[in-house]
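**Q** One structure coming up, written as structure tokens, with questions to follow.
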Amino acid sequence: MKKYLLYIFILMILASCSHKNRIKQDLSTAWEFHQINDDKTYSANVPGCIHTDLYEHGLIPDPYFRDNESSVQWIGESTWVYTSEFIPDPGLLEKENIELVFEGLDTYAKVFLNDSLITSADNMFRTWKADVKNLLVPGSNILSIVFSPPGEKNAEKAAALPYKLPDNRAFTRKSPYHFGWDWGPEIISCGIWKPVYLNSWEHFRIQNVYVSHPPPSGEGVNINIHLAIEADAAQSVRIKVFDDEKNRRLAFEKHDLEAGINHVTLDYYLENPELWWPNGLGEPKLYTIRISVMDMGWEDEQITTFGIREIELIRDEDEFGESFYFKVNGIAVFMKGANYIPQDNFLPRVNSLRYKKLIKSVVDANMNMLRVWGGGFYENDIFYDLCDRNGILLWQDFMFACNMYPGDDHFLANVKSEAIDNVTRLRNHPCIALWCGNNEIDEGWHNWEWQKQLGYSTKDSIGVWHDYETVFHDILPAVVEKYDPGTIYRPSSPMTGWGKDEAYTQGDVHYWGVWWGEEAFDMYREKTGRFMSEYGFQGMPSMESVLSFTEPQDRYIGSPVMEAHQKHPRGAELIQKYMEREFIVPEKFEDYLYVSQVLQAEGMAEAFLSHRISQPYCMGTLYWQLNDCWPVTSWAGLDYYGKWKALHYHVKRAYAPVMIRVAEKEGSIDVYAVNDHLEDKEVELRLELMDFNGTRIVSKRETIVLPARTNQLIYSMSDKVDDPENTVLFSGLFENDSAVSSSFHYFAPTKDMKLPDPGLTFEIDKTASGLQLTLHTVKHARQIYLEVPGFDGRFDDNFFDMAAGETKTVDYEGSTDVNKMSEKLKIKSIYDTYH
């Protein structure tokens, strides 16, 4: 017994004196850049990109200002060199293994260390590593990177094929949107866009950790920890798993390592686990563990966070076709969200504050899912961390969109490595609900007439489709199955085009009859599929945002600069057409911007509300799009600066967990209520049919119970009224005399309404968190817009209607200065746009 205690004591002493296996040296400082064949050098930011470096030195204008995009095209056609001189840490040089790590190089890059070529990178989405143990020297070392223009590489590869692909950007593994999209500029940048560092180690290191568990049930769950441990020689180690929060060891194992990669699994039993829930259904509980690998004096450790949840995609045959819905922890969940694109064309300047602001806007709008669109990039870790903490599920596309791709051996191996890198990086995030191979390629192949337009022979078509299947039906699902088993994989979104009937009875659908097809907003009621993963309509930015990228002479509809910030070929024309259907088109530029946002928001609300009351037939709505990558007229609800357009406020109301909706149907007005909660809700239903002056025609109040997770019809009335241009139906659900959800239904298009002067007045009061605005109306008001130019904050509600004689309070986050708010506040309603 004494010998055993002595042995334990010695182990404890050795453990307390253990050496860390790794030394990591950041190499993000002291970089310079220059154009090839030009000796003039400038300091560079790493992480960064060539455009932002040039701009910071005053060598180019702001690419986002006015029509400067066209003046910076030469940058993406040039070769650039980045160079750094550094001295390795003495302790690092003593390690047996030293690698140089680039977490992201954009894109074609030859890397030289002390004049030796160590890496030739050709994929923006991969991590690039090189063994530099024998190349580093004490003292000064020179690291140099030569970035070649993607356009030249695309042209070379395209010329080598016997047929054309839809777009040459397919040959380069770089964010597709960098080459331009119908909401984004063509700005082809390059650079060291993610961290770069030296990573040294000896004896062994934890290469990665994967946490899995069976479906949670009963009183506990087995947690399986899968380790990949790299060893430089055969040796014995001890592996421990700790819960530092509760100060206890969870698992322990002795293991004999062989030289190379060793796969080890430990497990422990977790009693009464708290589950990870999506936003609105419960807390997104996260667990953090520390894994330590030790021998008699050396230690390596890694901290990993995970959640316990089960996500299923249910696709069962039914009387309509085939269901398509997600179950989370055994509960069928209606998904409410949007399609997410990158927040900037210059990715390194999206800092943590912008990420936090965006995800807060997502949560505040009652969303529970985002689709990470396949034309962007695999997001930075902070994005997934924030989604984990806030209960936002992710439909994660691989980075392929609207194109066919080559199938040569090098390209396929490159794609496989890209997939492995990103699946292993992201698989522990509980927010990942689904991996999807691509955006709209299956639909494009079968419905967009690529074969005809590109003159494919039968042999060409067979070859191109074979390459497609190799990537999306072989390589990617195999990577997901091996490295993230149990997570759902879909080859493409959607699998059926929106012009076919079966698109609405099975799978997910991208419905573009509204906008592309010029169909009326009413069609959102009819064209409802099982899961609506794309649909949308454009709205313009606010006047304050427009001021940031224009000069006074640019501020009119159709100006060259406004057209440069409208990337859809028919965008301005379609906004005008739809506006003429619904509104009196304003003459003033600022009013036009405002009405375009109202048009977008109210049109899209038809979709949101129709999808929600179609449960359980329809079980998800993800509109296009959440955000912008530069200041532009687009489908986004959040503009480039993070400002809420009218759309995002309407989304917040439409996605509320308890929601009321009024719909016209076959001569009647039907009132529906939705309750997403896991428990019943008792509410008071209030209905008021009135004219715009406030005269009540019909009034009704009653207490009703909304069963948990249901959608139900709660009231019906005739759609016939005596004076449709002067009548409105208010419906609301109230709890403790406070409105939970409300709706205004009209009997005529806004352009035909006899809107009176609402007689708006207001008071402003200071609160603990900011300011509170109290509004009063004398007569009915349509789409009241509150704006405080120059203030960095937002109202908790905006772009809303008010009944005659109504009083409403709105909170403002971001300022506590009552006097400045009073001076700056601007209030507008539809009435003001034509009076």
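The values are calculated or read from the model by the stated rules, or taken from the named source; none is laboratory data. Keep in mind it's a predicted model, so treat the numbers as computed, not measured. With ideal geometry, Cβ positions are generated from the backbone for all residues, glycine too; neighbour counts draw on all protein chains shown. With ligands, DNA and RNA removed, areas are computed over all heavy atoms of the protein, side chains included. Shrake-Rupley method; radii C 1.70, N 1.55, O 1.52, S 1.80 Å.
**Q** Restricting things to alpha carbons, find the Rg to Rh ratio for the range 417-524 using the Kirkwood radius for Rh.
**A** 1.05
**Q** Then there's this: Taking only protein heavy atoms and a 1.4 Å probe, what accessible area per residue, in Å², does the chain have with all protein chains in place?
**A** With the other protein chains kept in place, the chain gives 40 Å² per residue.
**Q** How long is the range 338-452 along each principal axis, judged by its Cα atoms, biggest number first, in Å?
**A** In descending order, the Cα extents are 46, 29, 27 Å.
**Q** Filter the chymotrypsin sites (Phe, Trp or Tyr not before Pro) in the range 171-220 to those in DSSP coil with at most 11 other Cβ atoms within 10 Å of their Cβ, and list the result.
**A** none
**Q** Principal axes first, then extents: for the Cα atoms of the range 142-271, list largest minus smallest coordinate on each axis, whole Å, largest first.
**A** Here the spans come out as 58, 45, 33 Å, largest first.
**Q** Now, a different point. So if the hydrodynamic radius of the range 281-394 is defined as the Kirkwood radius over C-alpha pairs, what does Stokes-Einstein give as its diffusion coefficient at 20 °C and 1.002 mPa s, in µm² per second?
**A** Using the Kirkwood radius from Cα pairs, D works out to 127 µm²/s.
**Q** Could you list the square roots of 5 times each eigenvalue of the Cα gyration tensor of the range 356-405, that is, the equivalent ellipsoid semi-axes, sorted largest first and rounded to whole Å?
**A** 23, 11, 9
**Q** Let me cross-check residue 241: its accessible surface, 1.4 Å probe, with only protein heavy atoms counted, in Å² to the nearest 10?
**A** Roughly 0 Å² of residue 241 is accessible to a 1.4 Å probe.
**Q** Say each of residue 641 and residue 551 gets a label point 7 Å from the Cα, pointing the same way as Cα to Cβ; how far apart are those two points in nm?
**A** The modelled label-to-label distance comes out at 2.0 nm.
**Q** Identify the trypsin sites (Lys or Arg not before Pro) of the range 729-835 meeting these criteria: DSSP loop state and at most 16 other C-beta atoms within 10 Å of the C-beta.
**A** 754
**Q** Continuing with the same structure: Suppose the chain between residue 283 and residue 302 were pulled fully straight at 0.36 nm per residue; how much longer would it get relative to their current alpha carbon spacing?
**A** Full extension from residue 283 to residue 302 adds 4.3 nm.
**Q** Considering the options 124, 92, 74, tell which one lies farthest towards the positive end of the dipole of the range 10-133, charges being +1 on Lys and Arg and -1 on Asp and Glu at the Cβ, about the Cα centre.
**A** Highest projection toward the positive end goes to 92.
**Q** Sticking with this one: Relative to the compact globular guide of 2.2 N^0.38 Å, what is the alpha carbon radius of gyration of the range 749-835, as a ratio?
**A** Dividing the Cα Rg of the range 749-835 by 2.2 N^0.38 Å gives 1.11.
**Q** Now for a different question. At a temperature of 20 °C and a viscosity of 1.002 mPa s, determine how fast the range 54-101 diffuses translationally according to Stokes-Einstein, using the Kirkwood radius over alpha-carbon pairs as Rh; express D in µm²/s, rounded to the nearest whole number.
**A** My calculation gives 146 µm²/s for D.
**Q** Right, something else. How about the range 235-296: which trypsin sites (Lys or Arg not before Pro) there lie in a loop by DSSP and see at most 10 other Cβ atoms within 10 Å?
**A** Qualifying residues, ordered by number: 246.
**Q** Which of the pairs 95/254; 360/643; 588/808; 240/482 have their Cα atoms more than 23 Å apart in this structure?
**A** 95/254; 588/808; 240/482, as the Cα separations exceed 23 Å there.
**Q** Please work out whether the range 167-233 counts as rounded, prolate or oblate from its C-alpha gyration tensor, where a ≥ b ≥ c are the square roots of the eigenvalues and a/c under 1.5 means rounded, while otherwise a/b larger than b/c means prolate and anything else oblate?
**A** Verdict is oblate for the range 167-233.
**Q** Roughly how many Å is it from the Cα centre of the range 105-160 to that of the range 762-835, as a whole number?
**A** Cα centroid of the range 105-160 versus Cα centroid of the range 762-835: 54 Å apart.
**Q** Which semi-axes, in whole Å and largest first, does the equivalent ellipsoid of the range 461-609 have when worked out from the alpha carbon gyration tensor as the square roots of 5 times its eigenvalues?
**A** Output for the range 461-609: semi-axes of 38, 20, 14 Å.
**Q** Using the Cα centre as the reference, give the magnitude of the dipole from point charges on the C-beta atoms of the chain (Lys, Arg: +1; Asp, Glu: -1; all else neutral), rounded to the nearest 20 debye.
**A** Magnitude of the dipole: close to 1200 debye.
**Q** Over the alpha-carbon set of the range 252-340, work out the extent along each principal axis and list the three values in angstrom, largest first.
**A** Projected onto its principal axes, the Cα set of the range 252-340 covers 64, 32, 28 Å.
**Q** Okay, moving on. Go through 356/652; 500/577; 356/766; 577/665 and tell me which ones have a Cα-Cα distance over 20 Å in this structure.
**A** 500/577; 356/766; 577/665
**Q** Could you tell me, in Å, what Rg and Dmax come out for the Cα atoms of the range 398-472?
**A** Cα only, the range 398-472: 14.5, 45 Å (Rg, Dmax).
**Q** A further question follows. Computed from these coordinates, which is Kirkwood radius over Cα pairs in Å: (1) 37.9; (2) 29.5; (3) 32.0?
**A** Of the labelled values, this structure produces (2).
**Q** Right, another one. Could you work out the longest stretch of the chain that avoids the GluC sites (Glu not before Pro) located in DSSP loops with at most 15 other Cβ atoms within 10 Å?
**A** For GluC sites (Glu not before Pro) (loop position, at most 15 other Cβ atoms within 10 Å), the longest site-free span of the chain is 680-835.
**Q** Further question: What's the carbon and sulfur percent of the chain's accessible surface, probe 1.4 angstrom, rounded to a whole number?
**A** Of all accessible area on the chain, carbon and sulfur atoms account for 48 percent.
**Q** Do me a favour and compute the ellipsoid semi-axes for the range 583-716 from its Cα gyration tensor, root of five times each eigenvalue, largest one first, whole Å.
**A** Square roots of five times the eigenvalues give 30, 21, 13 Å.
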